[in-house]
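Colleague: Below is the structure I would like to discuss, written out as structure tokens.
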Amino acid sequence: MEGIRRIGASPLERHKRTSFYIFLAPWLIGFVLLEVVPIIWGFQISLTNRTSFPVAIKYVGLKNYLTLFQDADILGSYWVSFVYTILNTLIGVVTGFIFALLLDRQLPGRGFFRTILYFPYMIPLVAVGWIFRIFLERDTGFLNIVLVNLHIIPSGIPYMQQSPMGSILMLSFWQAGWSMIIFLGALSTVPRELYEVATIDGAGYGRRVRHIMLPLISPFIFFQLVMSFIYAMQAFIQPYILNPRPIRGNWVMLNPPPAETFFVMSRAYYIITSQHKFAYGLAMLWVLFAVVLVLTILFVKFGGFWVYTEAEERK
Amino acid sequence: MTTIQTRERWSASLRFVALVLIVIVFFLPLVSMLVTSLKRMDELYRVPARVFPEAAVWENYGLAWTLVNFGKYLINSIILTILYAVPAVMSSAFAGYAFSRFQVRESRALFLVVLSTLMIPVMVTMMPLYMVLARAQFVNQRGLWFVWGLSGIPFIIFLFRQFFSTIPASFEESARMDGAGRFRIFFSIMFPLVQTGLIVASIFAFQWSWSEFLMPVLFLSDEKSTLAVKIAMSYADQKENVLYNIGMAGIVYYTLPLVIVYFALQKRFVAGLLAGGLKG
């Protein structure tokens, strides 16, 4: 109380603060109930031996965490998630950037192309997963049927079996619309005159992109990289649906994906729901959370050195 | 001048051709979905396979509706979407308004908290919630979607903050002189001015809850479950063989509402996204 009275000395300031919290209240309630409290619960549970049968629960300290780092399967999952995150981020950002470059300047049908290229991003992930599974199937898949009929390949290629990771990465390409929109917004902030001046000075297209466009939109590239990293780390359902083994109806989520694509989230889901090791699964999630947190902070703090800002220029 | 113009025209044609090729590649999975949904199951496995079905099997679309109780899950999905989207949009708009208009000492720090919620993996919060609620016998509650909505969408809060910041303060001041309260100012003056933001936010909220798989699968019984869960489990015959053709027909139904909303509002949606993202 003391503090509030001191800070909000003027009535105007007090009115402002009241308004601020009144309008922020719904979010604060949701944030506390759905983020803060469960996160604390989760950490508490991860320090116990809890399974799906809540009997004889006892505190075991960091035992789950220590076991985690000796479990080759789980370390494998972290590695697989890491590789997927890097590839997914690269593919998404590069594809989105190229699409934005193609659409940045005047062009017949620009609005149409933009709408169509963003469109796959609107389709829910579970649907996208099944669309691609059926698209890539060896015998019945549309891609193979078209390629065989055009005599490009002699017989069907088992894409999902040959490269489970590759088939999941196709989604990153198909759903690059989000990154395209961010880059289109970014490119529209670059003043046209800069290009014109550079063109008159004899700079070719490559040099204009490299020396004018890229530095000016670097904050957006940075933002895209961070966001894409966070989202890719959370990938979970794709490997279950794009599973190279035959899938049987109601058991989609009970069939563990192959090791090559058993991402951290997918494995945590499996450990918790199929193996009922609640505490262990939560410890696994917490390690990932910590990694995301630390990497993002490092990224934002030190990764920004190559990002161009106006303030730096003035120095 | 003319050389620049010719070069510009050449570049435009090249880009046009490249885009047409990309669009064709982008359409392939969708064509695959439609074509598969119209084939018979044995036709899918025939060698040599044909690109298009011999005769369109429209019955697949009937079966997609009756083989599982599609109507029930559709209604469940709609209920949950409304239950989530209304508080999600309102809470985000409120928060965006608070951050743009009533800046107090701790606003900046709290805004960073909003943005940092992006970093929390969904499972880190959902799994403990599921464990605790299941133990407390507090399961199968749709009310959870309302609370989920309250926690807002960070990107949308950011977007609303941008939109509200573009409205001059004089708009509210004159209303305040006339003695209008906080909420009257918000709903009668500010809210109508951020329509574009409202459209973007609603589409996002709709898309999020329509696609959400983890929450219904963890928290709801089959009676209250959603289309996302049914579509993920796909369609199967008695021997649990997956029926690709009917599954694809189901996906057509499932994605149709999103497709319609997207194409009906896409001009303002994309414009809103571009305008909101600009000052990133």
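Colleague: Within region B:121-145, track down each residue that is buried (at least 19 other Cβ atoms within 10 Å of the Cβ) and outside any helix (DSSP H, G or I).
Modeller: Answer for region B:121-145, where residues must be buried (at least 19 other Cβ atoms within 10 Å of the Cβ) and outside any helix (DSSP H, G or I): just B:121.
Colleague: Tell me, which helices (runs of 4 or more DSSP H) lie completely within region B:146-220 with 2 or more residues that are under 23 Å from the mean Cα position of the chain (by Cα)?
Modeller: B:154-165, B:195-211, B:214-219
Colleague: Determine whether residue A:77 is small (Gly, Ala, Ser), on the phi < 0 side of the Ramachandran plot and over 22 Å from the mean Cα position of the chain (by Cα).
Modeller: When the stated conditions are applied, residue A:77 does not pass them.
Colleague: Okay, next question. Being within 14 Å of chain B (Cβ to nearest Cβ), over 22 Å from residue A:296 (Cβ atoms) and assigned to a helix (DSSP H, G or I) narrows it down to one residue among A:53, A:23; which is it?
Modeller: A:23
Colleague: Looking for whichever is crowded, with 23+ Cβ neighbours inside 10 Å, more than 16 Å from residue B:234 (Cα to Cα) and facing chain B (nearest Cβ under 7 Å) here; the options are A:117, A:102. Which one fits?
Modeller: Answer to the selection: A:117.
Colleague: Picking from B:261, B:217, B:252, which residue would you name as being at pLDDT 95 or above and within 24 Å of residue B:68 (Cβ to Cβ)?
Modeller: B:252 is the lone residue from the list that is at pLDDT 95 or above and within 24 Å of residue B:68 (Cβ to Cβ).
Colleague: Now a separate question. Can you name the number of the only condition in (1) more than 7 Å from chain A (Cβ to nearest Cβ); (2) more than 23 Å from the chain's Cα centre (by Cα); (3) free of Cβ contacts under 8 Å to residues at least 12 places away in the same chain that residue B:104 fails?
Modeller: It is condition (1) that residue B:104 fails.
Colleague: Taking the conditions exactly as written (closer than 27 Å to residue A:295 by Cα, assigned to a loop (DSSP other than H, G, I, E, B) and in contact (Cβ under 8 Å) with a residue 40 or more places away in the chain), does residue A:279 satisfy them or not?
Modeller: No.
Colleague: OK, next. Which ones in region A:50-74 are modelled with pLDDT under 90, closer than 26 Å to residue A:257 by Cα and surrounded by 10 or more Cβ atoms within 10 Å (Cβ to Cβ)?
Modeller: A:50, A:51, A:52
Colleague: Please find, among A:173, A:183, the residue that is at pLDDT 90 or above and surrounded by fewer than 19 Cβ atoms within 10 Å (Cβ to Cβ).
Modeller: A:173
Colleague: Scan A:180, A:165 and give me the residue that is assigned to a helix (DSSP H, G or I), within 11 Å of chain B (Cβ to nearest Cβ) and either touching a helix residue (DSSP H, G or I) at 6+ places or on another chain (Cβ under 9 Å) or closer than 30 Å to residue B:38 by Cβ (or both).
Modeller: From the options A:180, A:165, the qualifying one is A:180.
Colleague: Residue check: is residue B:26 closer than 29 Å to residue A:154 by Cα, assigned to a helix (DSSP H, G or I) and among the aromatic types (Phe, Trp, Tyr)?
Modeller: Judged against the criteria, residue B:26 is a match.
Colleague: Further question on the same structure: Among the residues in region B:3-23, are any in contact (Cβ under 8 Å) with a residue 60 or more places away in the chain, of a type outside the set (Phe, Trp, Tyr), surrounded by fewer than 18 Cβ atoms within 10 Å (Cβ to Cβ) and more than 8 Å from chain A (Cβ to nearest Cβ)?
Modeller: no
Colleague: Any residue in region B:111-125 that's more than 7 Å from every other protein chain (Cβ to nearest Cβ): show its pairings with residues that are of a type outside the set (D, E, K, R) and in a helix (DSSP H, G or I) at Cβ separation under 6 Å, as long as the two are six or more apart or on different chains.
Modeller: Pairs that qualify, where the first residue is more than 7 Å from every other protein chain (Cβ to nearest Cβ) and the partner is of a type outside the set (D, E, K, R) and in a helix (DSSP H, G or I), are B:111/B:99; B:114/B:154; B:114/B:157; B:115/B:154.
Colleague: Something else now. Across region A:220-250, what is the number of residues that are in a helix (DSSP H, G or I) and either of a type in the set (A, V, I, L, M) or more than 7 Å from chain B (Cβ to nearest Cβ) (or both)?
Modeller: 16
The values are calculated or read from the model by the stated rules, or taken from the named source; none is laboratory data. Quick caveat, the model's predicted, so the values are computed rather than measured. Cβ sites come from the backbone with ideal geometry, for glycine too, and all protein chains shown count toward neighbours.
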